[in-house]
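Everything below concerns the one structure shown next.
The values are calculated or read from the model by the stated rules, or taken from the named source; none is laboratory data. Everything quoted here is computed from the prediction, not taken from an experiment. Please note: Cβ atoms are built from the backbone with ideal geometry, for glycine as well, and neighbour counts cover all protein chains shown. What goes into the accessible areas is simple: the full protein's heavy atoms, side chains included, and nothing from ligands, DNA or RNA. Shrake-Rupley method; radii C 1.70, N 1.55, O 1.52, S 1.80 Å.
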Amino acid sequence: MSQLLRILAALVVAVALLPAAAGAVDIKAVTTPLGIKAWLVQDKSAPAVSLAFSFAGGTASDPAGQLGVTTLMATLLTDGAETLTSQAFRQRQEDAAASVGFSASLDRLGGRLRVLSANREEGFELLRLALTQPRFDADMIEQRRAQIIASINQSNQRPGSVAARTLMETEFAGHPYANNPDGTPDDLKKLTQQTLKLRAAALLIRTDLVVAAVGDIDETDLARLLDRAFGSLPVGTPPPLPPEWTPPTKARTVVVERPVPQSTALLALPGVARDDPDWYAALAMNHILGGGGQQSRLFNEVREKRGLAYSATSSLRVYKRAALLVMSTASANERIAEALRVVKGELARLRVDGPTEQELADAKTYLAGALALALDSSGAIAGLLHSMQVDGLAPDHLTKRAALIAAVKIDDVRRLARRLLRDEALTTVVVGKPVGVAPGP
Amino acid sequence: MCFSRRALLGGLVAAGALASPPVARAKLFSVERRKSDFFTLPNGLQVVVLPSSRAPIVNQLVVYKVGSADEVYGKTGIAHFLEHMMFKGTGTVGPTEFSRTVSRNGGRDNAYTSFDTTGYYQTVAPDRLEMVMRMEADRMANLRITERELIPERQVVLEERRMRIENSPAALLGEAVQEQLYGRHEPYGMPISGYVDDVKKLNVHDLAAFYAKWYMPNNAIMIVAGDTTADQVRKLAEKHYGPIPSRKVDPRRRPGEGASDLPQRVMRADARVAESRWSRYYLAPSYHKGESQYAYALQVLARLMGGGETSRLWKALVVDRKMALAAWASYRPSSLGLTSFDLGVHPASGTPMVEIESAVGGLLGKLLDDGVTAEEVERAQNQLLAAAIYSQDSLQSGPRIYGGVLGVGGTVADIDAWPQRISAVTPAAVVAAARHVWRAGGLVTSVLTPQEGMR
């Protein structure tokens, strides 16, 4: 019987004895002896601990000539530390059934730890090593660099990836958000061990660190382990925020030719900031337009009535310095013009007529229930707690949220639709061999 | 969040991914389970309840024991098309009203089609469980398939195929591999989404006949996970599914052999490919077909050979010889018919395919000649068990595991015994399994390259 099997056998009994308590989310704010702040949801039904955390400063702050440095550095943090080679570091994770990983978004450098609670000492020790003693061995730099460049090359052939990249480059032209978070092959090839070490030192600081923990661990234990992993990181100054973004004021259509039978289309409008008073109206509007599932106007008009596409959706994207509303669909090259016409028609209809009372009521009941759906796993709960903190929300937000949604009035959504859904601000990107779609201006 | 309503699960569609570890299929948290959590209604509907008070949600999954492999050539694509039409209404629920109702009640729903099974699932608040059970039971018996709904949906099905398959060179190559491995016009040799020519011809009668033939309580499993009890589920199941009569259901056919005893090769050079791939697929036994005594050792073999960055393939090809950027192995045992043991390599720029193939061949030969160490086997076992533990962390993965096993004729006892059976695998058993599967016949090698041809 392996060690894990013995752990399993022990867990089986423990879990079977648990009372059927209601699954309310009880968030505790923890401050460690060394002053690190974290949110904790203690959950004994999981024999594991999930940690989600992030540092200020993401790929948008990559220095000129070093595009991709943050992503490559993040990958290499788990490729060997102190006396452990990459293989040895990975082996230690496997032996503890633990996983440590880092990845960078435009605005932040994020990390995750997942470990069986029985092995949490080892899990946090591995995290400490990755954060404080990364090796950046030459052979691993070469390996990861080659993998990232290959991934950039392949993404440049996938219609969905090309559309997503082109949209960012068009919408954010001249702004750091236009840069590929993975960097460029040219810059990646120039990165040295020294550059990577400097980047790690610049970003891995305690200032503006955000931490969320979920699982079978108490406050005292969490505080002790957080101090072990993060305690020796220095305080410092995070990289400056990217400059303010000036939203485009002219409609544009960009076509990227690719030899595929189906064209992929993305349409973008300036969106709504997370702290905008109309945020909840925006959630409702997006749900009605193309969010969530099969009730939306885009789904109904593009797919259900006309069979023009498998998928027709909209989503709100929020960055530190910008926000977008993005519509997405894909249709045969011969029919994509028609699909685009229908999508644009729906934007106009919502702007002019607003939603119906029934649509708003349905959106509100969905949004109220959707929060619970996000609590599917401890990793997901940790992610939610983490993003709440990044968004500047208080722990009691989860109880206030229902009232904020309920307070949305139809006039709020009408006003917001008139503000956002403007033809003159629409960026359209089409990838494929579209028939009847003219680029311009 | 990415929106994917109809997942086409299965086969080699995912073969282009960088790593495809074997899926651990086990329910590990309650081996001392209550008998009342598993029962069968008098009409033959199998019910599984997986209580968890973790979050105020429940997940219902109904799995039908039918998939694309139960179609015949000339009428392919029915199982998947029918899955779409299941959202188009009954006598009492209007077209698209099913999903609208779930959404209006704060829930989400979706469905998938695989070679062997078709599944429909919803996640809702516990007090909405009766609502989704009522609607799911309703469409088990009362689906209304009309010409008016079928015509536009056919275009949706074809657009889904363009998106998932025709826009992706790796997916197109994957379909060619399936055909070579399992045989032209054989159950697993045809695409899950069907041949385009067939899909264009399918009509209301074809779909209605398939529905009548396979959709019935005695050919289905209903799984509920989450914040509920077996008593509650039993009451609701008896009320809503109970009245649906059972009918005679046909046995399912899966061939006991592959397409050819000769090694086959499939190549695709495509302008849409930037990075080459080399893959090898060996016909292999599953839990239910072929020499199934090897099924557990093959899971351990896949893990130690190509499950992650400490595996033999990765260490040799990526770390030591630096001839590849990634390498992996995978094996999926839960299949009604034969399955495959897959190896894949993403060559480093400039490494000729012939060198990759020869290096992999050397590693396979070395394992057969020198065996595997007890330590390697234990590490692989621990990784499999750990993955299974973590898979219990999500409310959706429990039902998927049960649906995947019971949907092809496995039992709850099989799921319970999985950790012990994996732990019992010996080094000698791993080598014996490798010897059985890595043979000269019953294999397909595939090569995907940019347009300029083999480098």
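Whether a residue is closer than 16 Å to B:Tyr182 by Cα, part of a strand (DSSP E or B) and modelled with pLDDT of 95 or more was assessed, and B:Ser340 passes this test. Total residues in segment B:72-81 satisfying the condition of being within 16 Å of B:Ala212 (Cβ to Cβ) and either within 14 Å of another protein chain (Cβ to nearest Cβ) or touching a strand residue (DSSP E or B) at 6+ places or on another chain (Cβ under 8 Å) (or both): the figure is 2.
Criterion applied to B:Gln155, B:Gln180 was being open to solvent by 20 Å² or more (accessible area, probe 1.4 Å), closer than 30 Å to B:Pro95 by Cβ and modelled with pLDDT of 95 or more, and the one residue passing it is B:Gln155. When A:Val343 is tested against (1) of a type outside the set (Phe, Trp, Tyr); (2) under 20 Å from the mean Cα position of the chain (by Cα); (3) away from chain B (no Cβ under 14 Å); (4) open to solvent by less than 10 Å² (accessible area, probe 1.4 Å), just one condition goes unmet, and that condition is (2). For segment A:319-340, a tally of residues being out of contact with any strand residue (DSSP E or B) (no Cβ under 8 Å at 6 or more places or on another chain) and either part of a strand (DSSP E or B) or within 12 Å of another protein chain (Cβ to nearest Cβ) (or both) returns 2. B:Arg154 - would you say it is of a type in the set (D, E, K, R) and without any contact (Cβ under 8 Å) to a residue 12 or more places away in the chain? Spelling it out, it is not the case that B:Arg154 is of a type in the set (D, E, K, R) and without any contact (Cβ under 8 Å) to a residue 12 or more places away in the chain.
Consider segment A:346-367 and keep the residues that are charged (D, E, K, R) and open to solvent by less than 40 Å² (accessible area, probe 1.4 Å). The one that is farthest from A:Gly292 (Cα to Cα) is A:Glu346. Candidates B:Gln392, B:Gln396, B:Gln420: the one that is within 10 Å of another protein chain (Cβ to nearest Cβ), closer than 30 Å to B:Phe39 by Cβ and open to solvent by less than 30 Å² (accessible area, probe 1.4 Å) is B:Gln392. The numbered conditions (1) more than 14 Å from chain B (Cβ to nearest Cβ); (2) without any contact (Cβ under 8 Å) to a residue 60 or more places away in the chain; (3) charged (D, E, K, R) are all true for A:Glu142 except (1). Which residues, taken from segment A:368-390, are of a type in the set (A, V, I, L, M), open to solvent by 20 Å² or more (accessible area, probe 1.4 Å) and farther than 18 Å from B:Leu395 by Cβ? A:Ala368, A:Val390 - these are the residues of segment A:368-390 that are of a type in the set (A, V, I, L, M), open to solvent by 20 Å² or more (accessible area, probe 1.4 Å) and farther than 18 Å from B:Leu395 by Cβ. Applying the set (1) in a helix (DSSP H, G or I); (2) buried (at least 19 other Cβ atoms within 10 Å of the Cβ) to B:Arg280 leaves exactly one unmet item: (1). When the test is whether a residue is within 10 Å of chain B (Cβ to nearest Cβ) and farther than 19 Å from A:Ile381 by Cβ, A:Glu94 passes it. When you look at A:Ala372, is it within 14 Å of chain B (Cβ to nearest Cβ), over 25 Å from A:Gly307 (Cα atoms), of a type in the set (A, V, I, L, M, F, W, C) and out of contact with any helix residue (DSSP H, G or I) (no Cβ under 6 Å at 6 or more places or on another chain), yes or no? So A:Ala372 fits the description; yes.
The helices (runs of 4 or more DSSP H) falling completely within segment A:135-215 that include 1 or more residues that are open to solvent by 10 Å² or more (accessible area, probe 1.4 Å) and of a type in the set (A, V, I, L, M, F, W, C) map to A:138-155, A:159-171, A:193-203. Mind listing whichever residues of segment B:33-66 are modelled with pLDDT of 95 or more, open to solvent by less than 30 Å² (accessible area, probe 1.4 Å) and outside any strand (DSSP E or B)? B:Leu41, B:Asn43, B:Gly44, B:Leu45, B:Val66 - these are the residues of segment B:33-66 that are modelled with pLDDT of 95 or more, open to solvent by less than 30 Å² (accessible area, probe 1.4 Å) and outside any strand (DSSP E or B). Taking first residues from segment B:157-168 that are among the basic types (Lys, Arg) and partners that are assigned to a helix (DSSP H, G or I), the Cβ contacts under 8 Å between residues at least 6 apart in sequence or on separate chains come to B:Arg161/B:Val196; B:Arg161/B:Val199; B:Arg164/B:Val13; B:Arg164/B:Ala171.
Okay, residues lined up against (1) without any contact (Cβ under 8 Å) to a residue 24 or more places away in the chain; (2) open to solvent by less than 20 Å² (accessible area, probe 1.4 Å); (3) part of a helix (DSSP H, G or I):
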{"site": "B:Leu207", "(1), (2), (3)": "no, yes, yes"}
{"site": "B:Tyr211", "(1), (2), (3)": "no, no, yes"}
{"site": "B:Asn218", "(1), (2), (3)": "no, no, yes"}
{"site": "B:Met222", "(1), (2), (3)": "no, yes, no"}
{"site": "B:Ser246", "(1), (2), (3)": "no, no, no"}
{"site": "B:Ser260", "(1), (2), (3)": "no, no, no"}
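In segment A:256-267, the count of residues that are without any contact (Cβ under 8 Å) to a residue 60 or more places away in the chain and either part of a loop (DSSP other than H, G, I, E, B) or more than 14 Å from every other protein chain (Cβ to nearest Cβ) (or both) is zero.
Listed by first and then second residue, the pairs with beta-carbon distance under 6 Å, at least 6 apart or on different chains, first residue in segment B:335-346 and more than 14 Å from chain A (Cβ to nearest Cβ), second in a loop (DSSP other than H, G, I, E, B) and acidic (Asp, Glu), are B:Leu336/B:Asp116. The set of residues in segment A:279-310 that are touching a strand residue (DSSP E or B) at 6+ places or on another chain (Cβ under 9 Å), open to solvent by less than 20 Å² (accessible area, probe 1.4 Å), assigned to a loop (DSSP other than H, G, I, E, B) and of a type in the set (Gly, Ala, Ser) comprises A:Gly290, A:Gly291, A:Gly293, A:Ser296, A:Ala309.
Within segment A:82-118, which residues are surrounded by fewer than 20 Cβ atoms within 10 Å (Cβ to Cβ) and of a type in the set (S, T, N, Q)? A:Thr83, A:Thr85, A:Gln87, A:Gln91, A:Ser99, A:Ser103, A:Ser105, A:Ser117 - these are the residues of segment A:82-118 that are surrounded by fewer than 20 Cβ atoms within 10 Å (Cβ to Cβ) and of a type in the set (S, T, N, Q). The selection criterion, being open to solvent by less than 70 Å² (accessible area, probe 1.4 Å) and either out of contact with any Lys or Arg (no Cβ under 7 Å at 6 or more places or on another chain) or within 18 Å of A:Ala282 (Cα to Cα) (or both), holds for A:Leu416.
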